[in-house]
Amino acid sequence: MTVALGVAGTAAVIVGLQPSAGPPQPPVSASASTPSPTSALTSGRARDAVGLSAKFLSRSRPVAIAIASIGVDAKTLVTLGKQADGSLQVPTDFGKAGWYTDGPAPGQFGPAVIVGHVDSANGPGIFYKLGALRPGATVNVRRADGSTARFSVDMVARYPKDRFPTNTVYGDTTQRAELRLITCGGGFDRKTGHYLDNVVAFAHLL
Amino acid sequence: MRRSMRLAPLVLALPLALPFIGVGTAYADGSASANLTPVVVNGSTGSGTAMVTVTGNTIEFTLAASGLAAGPHAAHIHFGASARHECPALSDEKDSDGRLSTTEGAPAYGAVVVSLTKTGDTSPTSGLAVDRFGSGPSIQYMRGGVTVAPEIATAIQKGQAVVVVHGVSYTGARAQAKSDLNPALPASATDPAICGVLSASPSGGAATGAGGTAPTQNEGLLALGGVGLLAAAGTGAFAARRARS
């Protein structure tokens, strides 16, 4: 009787402490921001230019995004800008992905940005499984001109929003055509109604 | 069968955030990027990206564009305090000669303030130094350590600076026109091809979740479990006392 109560009690406590299933989270949690290549030297003499050799496509707006490994297959993307406070706008529809139109279009040189919700108040959003994306996975973005930009995932990281590495995500750090997929992650603060972290997948054009 | 029950300490596995790894490098004051798209009237089919990182009065820029005409492509950052801080509009084409010259675009984007050359001087005096710019249908290069005036560093971060890449291909009457900047050159060499306003990068993260799937702790199960353990302890202790007595 004692043992049964003890075992059942322990089991209930352990189960009670297990989190119920939430959005998958990436294993990597990084918070260092990549510094720009800008030198701290102020010699006043510009360094000679470095020629680049990246593959990149013309500017054409994205019309569909497919990430087979995590079951994302969206046939439209909304357009996004910046909010008044300078942060990224987000889609009003939890089921739609959006792209940042002041940045490069997916396929162009530089970091193109596509954003989607991890969940709504009621259930999963379009990027619910983004945290399960793994390096080597393919992201296909079809463009209005009929071409498809194919990207390969390099890294999926999770950053605290209050220490967000702006330069790593939005800056010119890699000198090639790249893509950032952004959603929320980490703990959810029920008082503020916001997740504490962002999950960011980094990919490059194949 | 009597068995004493030991309550093992319960260890919660909390997600641990990795410690912040500070890097001892000066971070940029800000970064901005421009989408380069065809200037009205002149018929370029090119496109590209210009990215500028500002640290104090020093900038680093990256310029990448494709679909341009053959030949050299002078490229500059333009700014004018009283300019419109945008790429030219159709109404800027004033003399009905079927082309929008660099001068006609000035009310939109202002004067040259930085020449995005590959080597040497980067001031406006290098504006037409075609041998020090990129050439051909596709150009891509990056350059750092370029000094700019403080008001230019500010303008870049405030979305008031404009990147213009020049050099188009004309046929017919336009092919005979001379450059408004240097009559020894054809207009096609200096007319603006693609243009974009430098816009500050977003700051911070994105609010992309409402918590509908957020992990929860089941308070009911915790309470039941706690009661069960207390009851086990109680009966165990009672049994132990009974055994001794």
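Need the C-alpha centroid separation for the range B:195-211 versus the range B:43-91, integer Å. Rounded to whole Å, the Cα centres lie 21 Å apart. Per residue of peptide A:156-162, the mean number of Cβ atoms on other chains within 10 Å of the residue Cβ is 2. The range A:149-206 and the range B:120-150 have Cα centres spaced 32 Å apart.
Within a straight-line Cα-Cα reach of under 22 Å, residue B:118 can be paired with the following lysines, leaving aside sequence neighbours fewer than 8 residues apart in one chain: A:55. Overall, the range A:56-205 carries a charge dipole of about 200 debye about its Cα centre when +1 sits on the Cβ of Lys and Arg and -1 on the Cβ of Asp and Glu, all other atoms neutral. Chain A against chain B buries an accessible area of about 6400 Å², both chains summed, 1.4 Å probe radius. By the rule of a C-alpha distance below 23 Å, with chain neighbours fewer than 8 residues away ignored, the lysines paired with residue A:96 are A:75, A:82, A:129, A:161.
Considering only alpha-carbon pairs that sit under 8 angstrom and 6 or more positions apart, the relative contact order computed for the range A:56-205 is 24 percent.
Can you tell me the dipole magnitude for the range A:124-174 around its Cα centre, using point charges on the Cβ only (Lys, Arg +1; Asp, Glu -1), in Debye to the nearest 20? Each step should come with its number before you reach the end.
Working: 8 positive and 4 negative charges, 46 e Å.
The dipole of the range A:124-174 has a size of about 220 debye.
Can you give the average number of partner chain beta-carbon atoms within 10 Å of each beta-carbon in peptide B:113-119, as a whole number? Kindly include the intermediate steps, with their values, before the conclusion.
On the way: counts 0, 0, 0, 1, 3, 5, 4.
Whole-number average of other-chain Cβ neighbours for B:113-119 is 2.
Translational diffusion coefficient of the range A:56-205 (Stokes-Einstein, Kirkwood radius from Cα pairs, 25 °C, 0.890 mPa s): 161 µm²/s. In the assembled protein chains, residue B:51 presents an accessible area of approximately 10 Å² (probe radius 1.4 Å).
Neighbouring Cβ atoms from other chains, within 10 Å of the Cβ of residues in B:53-65, number 5 on average.
In the full protein context, the range A:56-205 carries 37 Å² of accessible surface per residue, based on a 1.4 Å probe and ignoring ligands, DNA and RNA. Counting alpha carbon pairs within less than 8 Å and at least 6 residues apart, what relative contact order, in whole percent, applies to the range B:30-200? Here the relative contact order equals 34 percent. The Cα trace of the range B:123-198 gives Rg and Dmax of 14.6, 44 Å, the first to one decimal, the second as a whole number.
Among B:61, B:129, B:107, pick out the residue whose Cα is farthest towards the positive end of the charge dipole of the range B:54-130, where Lys and Arg carry +1 and Asp and Glu carry -1 on C-beta, about the Cα centre. Towards the positive end, the residue furthest out is B:61.
For residue B:213, the accessible area of its heavy atoms, probed at 1.4 Å with every protein chain present, is near 20 square angstrom.
Size descriptor for the range A:106-187, Kirkwood hydrodynamic radius: 14.0 Å (Cα pairs only, one decimal).
Our analysis of the range B:30-200 gives Rg over Rh at 0.94, with the two radii drawn from alpha carbon positions and Rh computed by the Kirkwood formula.
The values are calculated or read from the model by the stated rules, or taken from the named source; none is laboratory data. Just so you know, these numbers come straight off a predicted model, no measurement behind them. For neighbour counting, all protein chains shown are included, and Cβ atoms are generated from backbone atoms with ideal geometry for every residue, glycine included. These accessible areas exclude ligands, DNA and RNA; they are computed on the full protein's heavy atoms, side chains included. Shrake-Rupley method; radii C 1.70, N 1.55, O 1.52, S 1.80 Å.
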